[in-house]
Amino acid sequence: NITYTPRAGFTGSDSFTFRVNDGQVDSDAAAVKITVEGQGSGNRAPQATNDAATTSAGQAVTISVLANDSDPDGDALTVT
């Protein structure tokens with residue numbers, strides 16, 4: 001196992017390469033890519049999905065626009 005610890009305050013992408021050895025020969029290099037997200041900035045944007053409805057001329061239609069939308073953090077959604 002390898003433990004990766006980003007420097008304090010760092011956010012963004014980072015990577016490193018490593019090799020394994022069987023006691024006789026090294027492997028080819030393999031890469032690890034890591035995304036470091038900001039601590040406390042965990043509020044990600046909701047995912048809005050397009051909606052469609054059909055109605056007849058002069059007839060109202062009710063559309064539940066939030067029915068197919070989601071928030072990756074589980075926050076309540078509102079329409080503005």
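Only one of these is part of a loop (DSSP other than H, G, I, E, B), loosely packed, with under 10 Cβ neighbours inside 10 Å and either modelled with pLDDT of 95 or more or out of contact with any Asp or Glu (no Cβ under 6 Å at 6 or more places or on another chain) (or both): 55, 17, 78. Name it.
Being part of a loop (DSSP other than H, G, I, E, B), loosely packed, with under 10 Cβ neighbours inside 10 Å and either modelled with pLDDT of 95 or more or out of contact with any Asp or Glu (no Cβ under 6 Å at 6 or more places or on another chain) (or both) holds for just one of 55, 17, 78, which is 78.
Anything in the stretch 22-38 that is of a type in the set (Ser, Thr, Tyr) and part of a strand (DSSP E or B)? List them, or say none.
Of everything in the stretch 22-38, just one residue is of a type in the set (Ser, Thr, Tyr) and part of a strand (DSSP E or B), namely 35.
The values are calculated or read from the model by the stated rules, or taken from the named source; none is laboratory data. This structure is a prediction, so every number in the text was calculated from the model and none was measured. Note that we place each Cβ from the backbone using ideal geometry, even for glycine, and neighbour counts take in every protein chain shown.
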